[in-house]
Amino acid sequence: MPNIRHSSAVKPISVAVKANVNQDNWDRVQSFSPATSQPSEKLYEIGRLAKMDTDKGILEATLSITQLEYGTIDVFKQLAGLSAEPSGGFDLDDFDDALTDFYLPGKDEYAGTLEQTLWMQHMVLDSFGLSISADERIERTFELSGEYAKILREGNKYLIFTTDDAASGTSGNYDIVISDPAAVVDPNNAGVYVLDLWRIRAGVATQLDLTTDYTYTSGTDTITILSASAQDHYRIWYSAASYGTGGDPTALNDADDYYLKADNVTVTIDDGVHTAVELDKLTSFAIDATLNRIDEAVIGSNEKVLKDVESYDVSISLDGFVKNSTIEEVLMLQAGQSWGIIDFTLFDEVEVTVKIYEEAAKSTFLIGYQSSTCEFSDESQDYAANEFASNPISLSTDNLKISTTIGDF
């Protein structure tokens, strides 16, 4: 077996932390790049040469994912903490409050023996991107951030996620047995077996604390919830020496498309007055959506609990060649009108829609992306000797809809 890990020996899995949603494998991932950094400041004092101490800040964890577009909505459900696509499709505010765990079982080789598990906890979505280039595979990108990263190894190398629902009539103490597999003690915290525990009650998610909210008895592998109510949903994470009868959580997906290419796409721009115009001369197209979060700590907590979204920024890039100023005519709200003078000071808001189909004939719709109230940001016309002139144009807005229902567009 190899002494270093090959990418075929890992598979990303995500878990919605604050919602009753099943964990899921991430398919068609091309790159998965977790990173951590420790903010710190060396402390000195007058009259002393050597460092007194180091003040460590809250750990900063980030995760970058590149994925081939394959026409499914599954990862957006995970990132929003939803079990189904909402009516009308996903909007950016669906991702505001969700927390997502990612874990990466690392084996010695493809389908081999587990050696360790990387666990990125309580991640929030910071940005999403869609990139389309002529005759290329379509790609999605995701940027996430959090404060927790762990590597589970040796006797703790299996990360177990399980759930439990309190039965009707439950009140007061409620026992949850986690014996398959049994939890292993956290070597960093004596007597701690449960690594994370959340309760969802009437749609509200609360992280529970050992002793005050629950106890654990290692001899019987039993979590005792101290103040349970009927219909409570519990989400539990712990480490173990095996996966138990549940088996390996990683799985391959051969049912969906492996990739989709740019010839399966239509991009239209609509001025809201005339017939939408299909942009059939684009060489590349990109959407970049950013969720601007405050990401602040509070007194009394070692976690940045304030992660609220203040605003959204969506930029759209349309690259092609100089010809007939079709896009500029739409921005004049004169789509298809053979308008005589394009005046950049008169540009108005437009809507941009991307529809992705299963085949180049565009008969089977899979997924779409749409931004409305798009405003002109900038454009240029670039001429070089003995070359065709390029004409990149950028638009900006604050919204993005994602849907697998063509009627939503």
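Taking the stated definitions as given, is residue 395 in contact (Cβ under 8 Å) with a residue 12 or more places away in the chain and surrounded by 15 or more Cβ atoms within 10 Å (Cβ to Cβ)?
For residue 395, the condition - in contact (Cβ under 8 Å) with a residue 12 or more places away in the chain and surrounded by 15 or more Cβ atoms within 10 Å (Cβ to Cβ) - is met.
If we only count strands (runs of 3 or more DSSP E) wholly inside segment 1-120, which ones have 2 or more residues that are surrounded by 15 or more Cβ atoms within 10 Å (Cβ to Cβ) and among the hydroxyl-bearing types (Ser, Thr, Tyr)? First the steps, then the outcome.
Working: elements: 13-16, 29-37, 40-43, 53-56, 60-68, 100-107.
Passing ranges, in order: 60-68, 100-107.
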(message) If residue 321 meets every condition in (1) among the aromatic types (Phe, Trp, Tyr); (2) at pLDDT below 95; (3) in contact with a helix residue (DSSP H, G or I) (Cβ under 6 Å, 6 or more places away or on another chain) apart from one, which number is that one?
(response) (3)
(message) Given (1) under 30 Å from residue 324 (Cα atoms); (2) small (Gly, Ala, Ser); (3) crowded, with 16+ Cβ neighbours inside 10 Å; (4) over 24 Å from the mean Cα position of the chain (by Cα), identify the lone condition not met by residue 289.
(response) (4)
(request) Look at segment 294-327 and say how many of its residues are touching a residue at least 60 places away in the same chain (Cβ under 8 Å) and either at positive phi or not in a loop (DSSP other than H, G, I, E, B) (or both). (result) 13
(message) Can you find, within segment 192-208, the residue that is farthest from residue 234 (Cα to Cα) among those that are modelled with pLDDT of 95 or more and not in a strand (DSSP E or B)?
(response) 192
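A quick yes/no check of all residues on (1) in a loop (DSSP other than H, G, I, E, B); (2) touching a residue at least 12 places away in the same chain (Cβ under 8 Å):
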site: 219; (1), (2): yes, no
site: 224; (1), (2): no, yes
site: 231; (1), (2): yes, yes
site: 236; (1), (2): no, yes
site: 245; (1), (2): no, yes
site: 248; (1), (2): yes, yes
site: 253; (1), (2): yes, yes
site: 257; (1), (2): yes, yes
(request) Using the structure shown, decide if residue 135 is surrounded by fewer than 18 Cβ atoms within 10 Å (Cβ to Cβ) and not in a strand (DSSP E or B). (result) yes
(message) Checking residue 167 against (1) in a strand (DSSP E or B); (2) in contact (Cβ under 8 Å) with a residue 40 or more places away in the chain, only one condition comes out false. Which one?
(response) (1)
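The values are calculated or read from the model by the stated rules, or taken from the named source; none is laboratory data. Being a predicted model, the structure only gives us computed values, none of them experimental. For neighbour counting, all protein chains shown are included, and Cβ atoms are generated from backbone atoms with ideal geometry for every residue, glycine included.
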